[in-house]
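Chemist: Mind looking over this structure? Questions follow.
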Amino acid sequence: MIRFNELLLNPRTKKQVEAFAKTPSHAVLVIGPTGSGKLTLSQNIAAVLLGFPSTRELQKYAFYTHIKRPEGKQDIPIDFVRKITKLLKLKVPGQKAIRRIVIIEDAQDLNEEAQSAMLKMLEEPAPDCVFILTASSTQSLLPTIISRAQKLNVQPVTLENATDYFGDAYTDKQIESAWNLSQGSTGLLLALLADDKEHPLKIAVDNAKKYLRNDKYERLLLIDSLSKDKKQFSLFLEALLKLLSALHHSMVVRGNKTQQEKFLASRKLVYKLQNALEANVSPKLIALELTLNLL
């Protein structure tokens, strides 16, 4: 289990991961908020189960499959799941108990048909295959899919966890600032410290900062562009909520009660709009309410 020691994990999450790797079931659902590092953790689980020294070997392995929502699409289509069905019919050489891994990134993006097809595979799993599904929320997943997978919750790390992990690589002030903004979500925490400009949530954080600096007219222009892609808009709202939470915390530390109330109201508004987006309310209506009512 050395590889898991190399990851920044909440101790409780690490314990769950090690237990699963020791006695894996045919499917595991890795649950955590956007930016929590679910995919990195899933790939490390896959490498351990296949007996690889690192995740780099996964891309060269013919019986490792990773599917996610296509760029520019709103969901994962059934064709992607059908492709997995065909791949599972191929014989895999070797005698190891686990010889195939299928990762489905953001399984909540599977459309209704794709989820039904996925359910059939989980009901009659291939004996040498493990399915690893990641999800930021189980709200859009069929209850029958959830019930057929072991749950693994990716919990946030503490500031102490982060400081111990990074050692002297960053200053305490840098780590604390990134931790406050990420709220202990390791994927975003790492991206902030490394200034990873390609990390989707880091991009969303930068957009959220820009949004708060702008006036209402400029906000409307920016949010109108972002709301055209539901996934991108969802990331923006998540980033905005994290940013507002960090600012709210700062006002609490300073004892500024007026600003505390404003940021708390804004957090409640964004949280409400996140739920509305999840319930398929029009992104344009959500964007308009956000622009009109945010501080």
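Throughout, read-outs are computed from the coordinates displayed, never taken from laboratory work. Bear in mind the structure is a predicted one, so any value in this text is a computation, not a measurement. Here the Cβ positions follow ideal geometry from the backbone for every residue, glycine too, while neighbour counts run over all protein chains shown.
Chemist: What list do you get for S182, S282, S36 if you sort them by fewest beta carbons within 10 Å? Show your work: numbers first, answer last.
Modeler: Values: S182 26, S282 11, S36 29.
By the 10 Å Cβ count, ascending: S282, S182, S36.
Chemist: Assuming a ≥ b ≥ c are the square roots of the Cα gyration tensor eigenvalues, decide whether region 1-158 counts as rounded (a/c under 1.5), prolate (otherwise, with a/b larger than b/c) or oblate.
Modeler: Verdict is oblate for region 1-158.
Chemist: According to a simple spin-label model (label point 7 Å from Cα along Cα-to-Cβ), what is the distance in nm between K284 and K15?
Modeler: It is 5.1 nm.
Chemist: Rounded if a/c is under 1.5, else prolate if a/b is larger than b/c, else oblate: which is region 197-293, with a ≥ b ≥ c the root eigenvalues of its Cα gyration tensor?
Modeler: Working: a/c = 1.71, a/b = 1.48, b/c = 1.16.
Prolate is the answer for region 197-293, as a/c is 1.5 or above and a/b outweighs b/c.
Chemist: Determine how many Å³ per residue the convex hull of the Cα atoms of region 47-132 encloses.
Modeler: Details: hull volume 8.5 nm³, N = 86.
Spread over its residues, the Cα hull of region 47-132 gives 99 Å³ apiece.
Chemist: On to the next question. Need the C-alpha centroid separation for region 151-183 versus region 50-119, integer Å.
Modeler: Cα centroid to Cα centroid, the span is 31 Å.
Chemist: For the pair L221/L159, report the inter-label distance in nm, with labels modelled 7 Å from Cα in the Cβ direction.
Modeler: 3.8
Chemist: If you don't mind, there's one more thing I want to ask. Quick one: 3J(HN,Hα) in Hz for region 174-180, Karplus 6.51/-1.76/1.60 with θ = phi - 60°, rounded, Gly and Pro as x.
Modeler: Per residue, the Karplus-derived 3J(HN,Hα) values read 4, 5, 5, 5, 5, 5, 4 Hz.
Chemist: Here is a further query. Given a Förster distance of 25 Å, report the FRET efficiency between K228 and L295 from their Cβ-Cβ distance, rounded to the nearest 0.05. Working shown, then result.
Modeler: Details: r = 25 Å, r/R0 = 0.98.
Efficiency, rounded to the nearest 0.05: 0.55.
Chemist: Another question, if that's okay. Hey, for a label at Q259 modelled as a point 7 Å past Cα toward Cβ, could you say which residues of region 192-231 have their backbone N under 15 Å away?
Modeler: Flagged as within label range: 213.
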